[in-house]
1. Hey, which of the strands (runs of 3 or more DSSP E) in the stretch 462-543, taking only ones fully inside, have at least 2 residues that are under 26 Å from Glu596 (Cα atoms)?
2. What about Ala109, is it at pLDDT below 95, crowded, with 23+ Cβ neighbours inside 10 Å and more than 14 Å from Thr74 (Cβ to Cβ)?
3. Within the stretch 132-141, is even one residue closer than 25 Å to Pro683 by Cβ and assigned to a loop (DSSP other than H, G, I, E, B)?
4. Please work out which residue is nearest to Thr179 (Cα to Cα), limiting yourself to the stretch 715-754 and to residues that are of a type in the set (Lys, Arg) and assigned to a loop (DSSP other than H, G, I, E, B).
5. Regarding Gln302, is this residue open to solvent by 20 Å² or more (accessible area, probe 1.4 Å) and either in a strand (DSSP E or B) or under 30 Å from Arg134 (Cα atoms) (or both)?
6. Filter the stretch 472-493 for residues that are farther than 14 Å from Ser431 by Cα and of a type outside the set (Phe, Trp, Tyr) and give the result.
7. Restricting the first residue to the stretch 345-359 and requiring it to be within 16 Å of Ile298 (Cβ to Cβ), which pairs with a second residue that is open to solvent by 40 Å² or more (accessible area, probe 1.4 Å) and hydrophobic (A, V, I, L, M, F, W, C) meet a Cβ separation below 6 Å and a spacing of at least six or different chains?
Amino acid sequence: MKKSDHSLVLVAQALGLGIAAALQGPALAAEGEQTLAPISVREAKTTAEKFLAPTTSEGATRQQIADTVNAMNTEDAFKYLPNILVRKRFTGDTDAPITSRTTGVNASARSLIYADGVLLSTLINNNNGNGSPRWFMVSPEEIERIDVLYGPFSAAFPGNSYGVVAEITTRMPAKFEATAKATESWQEFKQYGTQDSYRSEQLAATLGNRLGDFSFWLSLNHLDSHSQPVTYGTLTQSATAPGPVPVVNGAFADRNRTGGAIQVIGAGNLTHTLQDNAKIKLAYDFSPQLQGAYTFGIWQNQADLRAQTYLTDAAGNPYYGAAAGNVNIGGFRYAASAIAGQFAAGKRDMEHHMHSLTLKTKGNSAFDWDVVLSRYDYARHQERSSTGVPYSAALNGGAGRILDMEGTGWTTVDIKGTWRPDGPPGAHTLSGGAHYDLYKLTSPTYNTADWIAGGNGSLFTDARGKTATQALWLQDVWRFAPRFKATLGARYEHWRAFDGFNFTSATAIVQPGRDKTALSPKASLSWEATTDSQVTASLGRAVRFPTVGELYQTIQVGATFQSANPNLKPEDVVSAELSFEKALDQGKLRISLFAEQVKDALIAQTANFPGIATPTSFMQNVDKTRQRGIELVYQAQDVLIRGLELSGSLTYVDARILKNDGYVPAASTPGATSVGKHTPNVPDWRATLLASYRPDDRWTYTLAGRYSGRFFATVDNTDINGHTYQGFERFFVADARVRYQVAKQWSAALGVDNLNNRKYFLFHPFPQRTVFVELKFDY
């Protein structure tokens, strides 16, 4: 790493040491005190309250997260909310999509993530690296509260909301405050031929104050993380006799996700990542009713990706394959080049910037409004990978490729107004607004003579394009009777895709432009059945337009690169929910019935692709899918004994493909069908349970569990083996955390995730038992 790349780390460390030194006296003086810092009674509005959304919602406060969650990354805060799974493979994972009760890990564009109204969702793509939310632009120490809205029942949000809308509300200080926190984690990982310890450490500091009408907040965060294997190298079991070729040992016999015999020969993408992010938030009250704010965030990532072979030659040396020749593994012949193709090294060099500007009234007059402008920019983004063989030689340099996404990014503008013609609370509350977004994809891949430090050589592939959406929406919350409330709304959207370009195999393709419009009506009726219970029925349409990546991103089929499908149709969704919620003495109980029908669902499946001899998998429109289920949510405080809080959820979903004329079975499964099969990546059962006990003001003990049922990754459900690389399996993991308020300004925590050491796959191998240690100073 260059010397300049350490700048954020040094600033964070200096600030942390400075805070500790400056405040050492007051902290030590308070060492023996039993009285803790006063707790502010100011509470941020939930997202449902801010947007007058009729949707089912769940959330958690800053204090609840601190007490119960082993959080090193912001996405960890959502861990125990009903029907939420963030596919975080390791600490610092930049490919961490969110799921909902009807959408899976391959569909991040079906949900929206915001921080203070600023979009963090990467609607550049619908899966993995170019589609995962930019969680790292918010540090865990910034969070005031989190909220999740289920379903597309608010006109304020686009069609991508048909999974969930997750809002992170961050802190702004009312007086001087500062924090410094150090967190360490480590896991003992053992699977196949990998047995090692992987550690991560995080240093975080915040500083904020309010000076009259001006307030500011500075957040700094440094992460140094080592991952377990993220991939495995595998070979299809050979049936060819070896002949007189060298013998190599160390492979592990297993089955792939369709049940076929394989040899596991090594681990890949063992990632060491160094991440630094800094954010400054500035706010000014122009009047008691009007506030303006500006936020700037910067994130840097330097990562090294390495591989591990399980194979050894006759002399006991690690074996990574070769450009030519054959070897004997377990009495069968394998091409040395096929082995070499399973091992590669990589480097990541990234710097992303985020700007936002907001101007808003404070929400307590007859007419309120707000304007939010945001810009997210890939200021520097290079992903380097080796292509030379063997891997052991490639570690010193040589041929490779460079993916350069500099210039990728998005711009959003949102204008919203709320009018209460009869004053608050009146019979009508009208809200409406306008939206604009522009997404730009730039992703050329170059050949290079030196994958470690070389410059761009000849162009290997290229994918570029843009999408833009303009929208108008209107919604009325109408209290037409003392116990009845109707919420009626609609959203009109005009979407277009343009400037699409692909380059593959020396062929340049200028893709056609696209243009679509959609009107999405919404309706909800709430009945206050009793003073402590409410019944709500909601119905809404959502149109989820294809992302620029789904339209134009180059796809790889074996060794062949092809242009994507620029003619994909938007997903057309109709969702419904009937929920019953009852307030308990110190808690709540909710039961929800939900159903969703998706026309032209965007799902990767096998079909005939031009230029490819056999059916292959790529993104297509599946004619019709249907998801329906029931969800039970419970939360209560002081259960049986004072200080014991319980919360949990249980959900069953029946997700099916109803029509799919475009499906063609893969060559390996010629008799397979997809109609009537489970919709990919949606588990049948999900459950969470969290018990938190506070015997006094110092100690908090938490025990939690997370369960997911079996699900499939393919439309024909031929991936019958979940417990293997690229498989998806049911899992139950238990987590624990103990937090202790050492003194007025000091707290410490010890926690364990995956306490039962469940070894499971969600395509990738997931972390095994991981221990967390945390020390925090608050002023």
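1. Working: elements: 484-504, 507-510, 514-530.
Where strands (runs of 3 or more DSSP E) fall fully within the stretch 462-543 and carry at least 2 residues being under 26 Å from Glu596 (Cα atoms), they are 484-504, 514-530.
2. yes
3. For the stretch 132-141, residues closer than 25 Å to Pro683 by Cβ and assigned to a loop (DSSP other than H, G, I, E, B): present.
4. It comes out as Lys744.
5. Numbers: open to solvent by 20 Å² or more (accessible area, probe 1.4 Å): yes; either in a strand (DSSP E or B) or under 30 Å from Arg134 (Cα atoms) (or both): yes.
So Gln302 passes the test.
6. Of everything in the stretch 472-493, those that are farther than 14 Å from Ser431 by Cα and of a type outside the set (Phe, Trp, Tyr) turn out to be Arg479, Ala481, Pro482, Arg483, Lys485, Glu493.
7. His355/Phe296
Rundown of residues vs (1) under 25 Å from Arg656 (Cβ atoms); (2) charged (D, E, K, R); (3) at pLDDT below 95, yes/no style:
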| position | (1), (2), (3) |
| --- | --- |
| Ala704 | no, no, no |
| His723 | yes, no, no |
| Arg730 | yes, yes, no |
| Val733 | no, no, no |
| Arg737 | no, yes, no |
| Tyr740 | no, no, no |
| Trp746 | no, no, no |
| Asp753 | no, yes, no |
| Asn756 | no, no, no |
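The values are calculated or read from the model by the stated rules, or taken from the named source; none is laboratory data. The shown structure was predicted, so the numbers you read here are calculated from the model rather than taken from an experiment. Note that we place each Cβ from the backbone using ideal geometry, even for glycine, and neighbour counts take in every protein chain shown. The protein model used for the area step is the full one, side chains on, heavy atoms only, and it has no ligands, DNA or RNA in it. Shrake-Rupley method; radii C 1.70, N 1.55, O 1.52, S 1.80 Å.
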